[in-house]
Amino acid sequence: MNPRFIWKKLVPTPDPKHGKPCTRSSLGISFLGVTDACPTARLILHGGETVARTPLDLSQATWSCDLTDDDNPSWRLIPSSDPSPPPRVAHAQAYHAPSSSLYVFGGRAGITTQEQAMNDLWKLDCSGPAGSEKWSQVKTEGDIPEARSFHKMICVGDSLYVFGGCGETSGRLADMHRLDLVTHTWHSFGSSQHLRGRGGANFLSLGSGQYLGVVAGFAGEETNDGHLFDVKEGKWCDESLTASLEGLRPRSVCLSESFPSVGVAIIFGGEVDPSAKGHEGAGSFDNSIVLLEESTGKYIDTFPNHGETWPENRGWSDGTGIDNGDGSGRLFFFGGLSGDDANPLRLDDLWALEVSKA
């Protein structure tokens, strides 16, 4: 089942007026495919910090990498408009392809985990040609999730699912919520009976969309446990996933994506030992590729740096991907945090991992 991997470092042409995105961590990135109005695939980058715990100014908040072709991508600043999401770090974002809309939920703007946490929802309308993207705030009702940061969000059909994170009042969370994108109504499914509350988990679509899998994360320590949520039944599965993850090194703040046609889900990098300075420092980071079975979430193997072109160790990044449906796909990611407590290093590199069946 082990697929083939090919790393490629992308060096997009800078925006002729605004240059390129600054170094950042605790960001979000999403892949947008080709649409009738926009014949160019895009990577939309939003938010983050270049100074610990300090959200980037709106003038640097949102960028598009226009993927005209593999050899000539280009950066394009998406200017802030009125309205625009307030500056934030550690938000979650997900793309709803049928409406060509990118959604951003939560995050925080303050110095401490509990300070200025948010539970607002914003939509970036990407339905027009490149350069016409526009923000609007989405008003929601129902069982609105607690304000939080370092949570995760996935779009399944016409729903957004939000898991966990660091709550404004409740500390680390292990709850699941669904937003109906038709009615803009939130529904709560309660907390996992098998997982401690956590931030920086991996949140994956598994079983070709039948399940949502929570794997690892920081729950006061790095973890290697997991639990599946049944999307159709709308409930947490009875059994834990943890026994199927034996062999996985504990980690958090990784990046991850599922590739159903390849048969795997991929986790890259992450923090494997926390910093003594917490979010202000840099712990011990990894740059290996972890493989899980896409059908079940079961751990397969870990592939360390082979010495050829390979991204440096990092955590606090974000990734996004596209499954081509033919046994191949691509995982993209940008930036993140590397270095150590003495010299934390925020990054501004863009990578693509080509993955295909062997």
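The values are calculated or read from the model by the stated rules, or taken from the named source; none is laboratory data. This is a predicted model, so every value here is computed, not measured. In this analysis, Cβ positions are derived from the backbone assuming ideal geometry, glycine residues included, and neighbour counts consider all displayed protein chains.
Being polar (S, T, N, Q) and under 21 Å from ILE29 (Cβ atoms) is a description that does not apply to SER284.
Selection within the stretch 60-73: residues that are over 17 Å from the mean Cα position of the chain (by Cα) and at pLDDT 95 or above. The member of this set that is farthest from PRO12 (Cα to Cα) is GLN60.
Selection over the stretch 78-127 of residues that are assigned to a strand (DSSP E or B) and either among the polar types (S, T, N, Q) or surrounded by fewer than 18 Cβ atoms within 10 Å (Cβ to Cβ) (or both) gives a count of 4. Of the residues making up the stretch 9-21, those that are touching a residue at least 24 places away in the same chain (Cβ under 8 Å), over 13 Å from ASN72 (Cα atoms) and surrounded by fewer than 16 Cβ atoms within 10 Å (Cβ to Cβ) are LYS17, HIS18, GLY19.
At least 1 residues being in contact with a Leu (Cβ under 9 Å, 6 or more places away or on another chain) and under 24 Å from LEU331 (Cβ atoms) is the threshold, and among the strands (runs of 3 or more DSSP E) wholly inside the stretch 185-281 those reaching it are 202-206, 211-218, 222-230, 255-259, 264-273.
The numbered conditions (1) assigned to a loop (DSSP other than H, G, I, E, B); (2) in contact with a His (Cβ under 6 Å, 6 or more places away or on another chain); (3) not small (Gly, Ala, Ser) are all true for THR169 except (2).
Within the stretch 53-77, the set of residues being free of Cβ contacts under 8 Å to residues at least 60 places away in the same chain, not aliphatic (A, V, I, L, M) and not in a loop (DSSP other than H, G, I, E, B) comprises THR54, PRO55, SER59, GLN60, TRP63.
What's the total number of residues in the stretch 40-52 that are in a loop (DSSP other than H, G, I, E, B) and either in contact with a Ser or Thr (Cβ under 8 Å, 6 or more places away or on another chain) or hydroxyl-bearing (Ser, Thr, Tyr) (or both)? Result for the stretch 40-52: 3. In summary, strands (runs of 3 or more DSSP E) completely within the stretch 300-358 and bearing 1 or more residues that are farther than 21 Å from ILE154 by Cα and not polar (S, T, N, Q) occur at 328-339, 344-356. Scan the stretch 306-351 residue by residue and report those that are small (Gly, Ala, Ser), more than 13 Å from the chain's Cα centre (by Cα) and crowded, with 20+ Cβ neighbours inside 10 Å. Correct list: GLY329, SER338.
Matching residues to (1) over 21 Å from ILE6 (Cα atoms); (2) surrounded by fewer than 18 Cβ atoms within 10 Å (Cβ to Cβ):
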site: VAL214; (1), (2): yes, no
site: ALA219; (1), (2): yes, no
site: ASP225; (1), (2): yes, no
site: CYS237; (1), (2): yes, yes
site: LEU248; (1), (2): yes, no
site: SER252; (1), (2): yes, no
site: VAL264; (1), (2): no, no
site: LEU292; (1), (2): no, no
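Does the stretch 138-150 include one or more residues that are under 15 Å from VAL104 (Cα atoms), in a strand (DSSP E or B) and under 19 Å from the mean Cα position of the chain (by Cα)? Among the residues of the stretch 138-150, at least one is under 15 Å from VAL104 (Cα atoms), in a strand (DSSP E or B) and under 19 Å from the mean Cα position of the chain (by Cα), which makes the answer yes. Answer with yes or no whether ILE144 is of a type in the set (Val, Ile, Thr), touching a strand residue (DSSP E or B) at 6+ places or on another chain (Cβ under 8 Å) and surrounded by fewer than 16 Cβ atoms within 10 Å (Cβ to Cβ). When the stated conditions are applied, ILE144 passes them.
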